[in-house]
Amino acid sequence: MLKDITLGQYFPGDSIVHRLDPRTKLILVVVYIVALFNAGNVVSYALMLFVLFSCIALSHVGLKAVFKGLRTVFIIILITALLNIFYNTTGTLLVQFWRIRIFTGGIAMAVKMVLRIMMLISGTFLLTYTTSPIQLTDAIERLCGPLKKLHLPIHELAMMMSIALRFIPTLIEETDKIMSAQKARGADFETGNLIQKARALMPLLVPLFVSAFRRAEELATAMECRCYHGDSGRTRMKQLTYAPRDFVALALGFVVLAAVFVLKHFGL
Amino acid sequence: MEPILETRALSHVYSVGTPFEHIALNQVDFRAYPGEILGIIGHTGSGKSTLIQHLNGLLRPTSGQVCFAGRDIWAEPKKIRDVRFQVGLVFQYPEYQLFEETVYKDIAFGPTNMKLSAREIDERVRASAALVGLGDEVLEQSPFELSGGQKRRVAIAGVVAMDPKVLILDEPTAGLDPRGRDAILEEISQINRQRGTTIILVSHSMDEIARVVDRLYVVNDGTLPFEGTPGEVFLHGEALSAMGLNIPQVTQVAQALNRLGVPVNPAVYTMEDAVRAILALRGKGGAASC
C-alpha cells in the first residue's frame with residue numbers, strides 16, 4: 001500500500017521530451033504556467049490544450065498516466081468547481097432552487113478554473129514523468145546558479161533535494177519492515193480512536209528516526225571518504241549541454257506565450 | 001504426530017494484475033512438528049521471507065491455507081493477532097525495531113499487547129531476558145546504549161516474552177562475529193530445550209544451520225524442492241550448488257573423497273562426525289593392508 005505513491009513518479013523513456021535538456025523543460029514549464037494564467041478566452045484555451053496534448057503525445061507517457069496523476073488533486077478540483085458554480089452571480093440566472101441560484105457566469109468560470117487547474121497539474125506532472133529527480137535537481141542548481149553570487153547555498157540545497165528524493169523509497173521500505181516487526185509483537189496500527197492511533201505510531205516512528213539518523217551519519221562519512229567538500233571546484237559526470245532541439249523547443253514556448261498575450265490584448 | 005504449523009498448497013503472488021506481477025510462492029506444503037528445530041534455507045529472493053511472513057499471518061495467502069494447531073489461521077481474520085502471539089517472528093536485524101526508553105519496557109511491549117497482568121508481564125520479562133543471557137542490570141538501561149549483540153538479544157527476548165508455541169527467527173546471526181553467532185545459536189537451542197518451543201531457523205548458510213537443526217527445508221524459486229535431515233538434504237550437493245547454495249565444507253570434502261573412490265559416508269556435516277568416519281575407515285583399511 002505504501003508503495004502506491006505515484007506523485008511525481010519518473011517514467012524512464014527515450015522520447016524527444018525525455019531527451020530535452022532538463023533546464024529547457026523547467027523553463028518551458030514556467031513559461032507554460034505564465035501562459036496558462038494569462039489565457040482568458042476560448043481561443044487561447046484551445047491553443048494551450050493543443051500545446052499540452054502535443055507534449056503528452058510526444059512524450060509517449062500515455063494519457064492514462066497523466067490522468068492518474070490528476071486523481072490526487074480531485075478534491076481541490078471539485079471544491080473549485082462548486083465554489084464557482086454557487087457563488088459567482090454574473091451573467092443570466094439559469095436555475096433557482098430554494099436558496100441556490102446558478103448563473104451562466106458561474107458555470108463558465110467553473111469550467112475555466114477546472115480546466116486551468118487540470119492543465120496546470122498535467123503540465124507539471126509531465127515534467128516529473130519525463131525528467132528523473134537527479135536531472136531535475138541538476139537543472140535547478142544550474143538555473144539558480146547566479147544566486148550563488150548573493151551567497152545563497154544553492155548547491156547545498158540541490159544536494160539536499162537529491163538526497164531526500166533518493167531516500168524516499170528506502171524509507172518507505174524501512175517503514176514497511178518496522179511495521180511488520182511491530183505487528184509481529186502484537187502492535188495494532190488500525191483500530192482505536194485518533195489518540196490511540198497516534199500513540200500506536202510511537203513503536204514505528206522511534207526506530208524510523210533512529211535509522212534515518214544512522215543512515216545520514218553513514219552517508220556523510222561515505223561522502224567525506226570520497227572527498228566531498230561542497231560546491232567549489234566540483235566537476236560533474238553528466239554535463240548539461242543545450243542541443244539544437246532545446247533552442248527550437250524554447251523558441252516554440254515563447255511563441256506560444258507571445259500568442260497568448262496578443263490574444264489577451266485584442267480580447268479575441 | 002500432528003504438525004503444529006502447516007501450509008497447504010500455499011501460493012502468494014505479488015502485485016497481481018500489474019506488469020510487476022511475481023509469483024513468490026507456488027503451491028507450498030510445509031510442516032513443522034511440535035518441539036523440533038527446523039531449518040529453512042534458501043538464497044536471497046527464493047521466497048523464504050515471504051513464506052515465514054505467512055506463518056504468523058503478516059501476509060495473507062493468494063491461495064491455499066496456513067494452519068496453526070490444525071486450524072486455518074484466516075478462518076477468523078479478526079483474531080489474527082492471537083496467532084501472532086502463538087507464532088513469534090523475529091525479523092532479520094531485529095535490533096532496528098527497538099524503541100522504548102529501557103530494555104525492560106521494550107521486552108514488555110509484546111506481553112502488554114497481550115493484555116496480561118502487571119505481575120505476569122514482570123515475570124515474563126525477567127524470565128525471557130535471563131533465557132537469552134541478559135542480566136538484571138541491563139533491564140533498566142536504554143536499549144540504544146547496548147552493543148549490537150546485546151541489542152539483538154533484547155529484540156529476541158521481546159518475542160520470547162510472548163511465550164509463543166513456535167518461534168521463527170530470520171537470519172538471527174547475520175552480522176555477528178563467530179563467538180556472538182555461536183552464543184545466540186546456543187541460546188536458541190536453550191529456549192527449545194527449556195520450554196519445548198518449536199524453533200524455525202531461517203538462514204542462507206548451511207554450515208551454520210546444519211549443526212543446530214533436526215530437519216531442513218530448502219526453498220528455491222517459490223517451491224520446496226528438498227526436505228529431510230541435514231544429512232539427507234546434503235546428498236543433493238550438485239542440485240543445491242545449482243540453486244546457489246553451498247553444502248557444508250566437511251560434507252564437500254567427504255563427497256569429493258567418495259568421488260575419488262574412498263567410501264566415506266557422504267552425508268556427514270559436522271567436523272566430529274567427519275573425523276570419526278575417516279578414522280573408522282583408516283582402522284579398516286589399515287587392518288586389511290597389514
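Would you check which residues across the range B:79-103 are farther than 27 Å from A:Leu171 by Cα, free of Cβ contacts under 8 Å to residues at least 60 places away in the same chain and more than 10 Å from chain A (Cβ to nearest Cβ) and list them?
Within the range B:79-103, B:Lys79, B:Val83 qualify.
Within the range B:128-145, track down each residue that is modelled with pLDDT under 90, outside any helix (DSSP H, G or I) and more than 14 Å from B:Ala183 (Cα to Cα).
B:Gly135
One line per residue, one yes/no per condition, for (1) in a helix (DSSP H, G or I); (2) away from every other protein chain (no Cβ under 14 Å); (3) buried (at least 17 other Cβ atoms within 10 Å of the Cβ):
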residue	(1), (2), (3)
A:Leu157	yes, yes, no
A:Ile163	yes, yes, no
A:Phe167	yes, yes, no
A:Leu171	yes, no, no
A:Leu208	yes, no, yes
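Just for the range B:106-126: of the residues that are assigned to a helix (DSSP H, G or I) and within 11 Å of chain A (Cβ to nearest Cβ), which one is surrounded by the fewest Cβ atoms within 10 Å (Cβ to Cβ)?
B:Thr112
Name every residue in the range B:46-64 that is within 14 Å of chain A (Cβ to nearest Cβ), crowded, with 21+ Cβ neighbours inside 10 Å and in a loop (DSSP other than H, G, I, E, B), in order of residue number.
Scanning the range B:46-64 gives B:Asn56, B:Gly57.
Please go through the range B:220-242 and pick out each residue that is touching a helix residue (DSSP H, G or I) at 6+ places or on another chain (Cβ under 6 Å) and under 18 Å from B:Val202 (Cα atoms).
Those that are touching a helix residue (DSSP H, G or I) at 6+ places or on another chain (Cβ under 6 Å) and under 18 Å from B:Val202 (Cα atoms): B:Phe226, B:Pro230, B:Phe234.
Give the residues of the range B:113-135 that are charged (D, E, K, R) and either under 20 Å from B:Gln194 (Cβ atoms) or touching a helix residue (DSSP H, G or I) at 6+ places or on another chain (Cβ under 9 Å) (or both), sorted by residue number.
B:Glu120, B:Asp122, B:Glu123, B:Arg124, B:Arg126
Which residue out of A:Gln239, A:Gln182, A:Gln196 is part of a helix (DSSP H, G or I) and farther than 18 Å from B:Gln92 by Cα?
A:Gln196
Before we move on, is A:Thr170 modelled with pLDDT of 90 or more and hydroxyl-bearing (Ser, Thr, Tyr)?
Judged against the criteria, A:Thr170 is not a match.
Between B:Glu208, B:Glu171, which is closer than 15 Å to B:Leu245 by Cβ, surrounded by 18 or more Cβ atoms within 10 Å (Cβ to Cβ) and within 14 Å of another protein chain (Cβ to nearest Cβ)?
Selected residue: B:Glu171, the only one of B:Glu208, B:Glu171 that is closer than 15 Å to B:Leu245 by Cβ, surrounded by 18 or more Cβ atoms within 10 Å (Cβ to Cβ) and within 14 Å of another protein chain (Cβ to nearest Cβ).
Only one residue in B:Glu227, B:Glu208, B:Glu232 is acidic (Asp, Glu), touching a Ser or Thr at 6+ places or on another chain (Cβ under 9 Å) and closer than 27 Å to B:Leu167 by Cβ. Which one?
B:Glu208
Residue-wise test of (1) of a type in the set (S, T, N, Q); (2) touching a Ser or Thr at 6+ places or on another chain (Cβ under 9 Å); (3) within 14 Å of chain B (Cβ to nearest Cβ); (4) over 29 Å from B:Phe144 (Cβ atoms).
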{"site": "A:Phe213", "(1), (2), (3), (4)": "no, no, yes, no"}
{"site": "A:Tyr228", "(1), (2), (3), (4)": "no, no, no, no"}
{"site": "A:Lys238", "(1), (2), (3), (4)": "no, no, no, yes"}
{"site": "A:Thr241", "(1), (2), (3), (4)": "yes, no, no, yes"}
{"site": "A:Gly253", "(1), (2), (3), (4)": "no, yes, no, yes"}
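So, in the range A:131-155, exactly how many residues are surrounded by 16 or more Cβ atoms within 10 Å (Cβ to Cβ) and charged (D, E, K, R)?
3
Which residues, counting only those in the range B:258-277, are surrounded by fewer than 18 Cβ atoms within 10 Å (Cβ to Cβ) and in a helix (DSSP H, G or I)?
B:Asn258, B:Arg259, B:Met271, B:Glu272, B:Asp273, B:Val275, B:Arg276
Being modelled with pLDDT under 85, away from chain B (no Cβ under 14 Å), surrounded by 13 or more Cβ atoms within 10 Å (Cβ to Cβ) and within 30 Å of A:Leu58 (Cβ to Cβ), is that true of even one residue in the range A:179-202?
No, because not a single residue in the range A:179-202 is modelled with pLDDT under 85, away from chain B (no Cβ under 14 Å), surrounded by 13 or more Cβ atoms within 10 Å (Cβ to Cβ) and within 30 Å of A:Leu58 (Cβ to Cβ).
Within the range B:157-168, restricting attention to residues that are within 17 Å of B:Thr102 (Cβ to Cβ) and in a helix (DSSP H, G or I), which residue is nearest to the other protein chains (Cβ to nearest Cβ)?
This residue is B:Gly158.
Look through the range B:30-45, keep the residues that are outside any loop (DSSP other than H, G, I, E, B) and not small (Gly, Ala, Ser), and return whichever of them is surrounded by the fewest Cβ atoms within 10 Å (Cβ to Cβ).
Taking the candidates together, the pick is B:Arg31.
The values are calculated or read from the model by the stated rules, or taken from the named source; none is laboratory data. In this text, all values refer to a predicted model and were calculated from it rather than measured experimentally. A quick note on method: Cβ atoms are made from the backbone with ideal geometry, for glycine too, and the neighbour counts reach across all protein chains shown.
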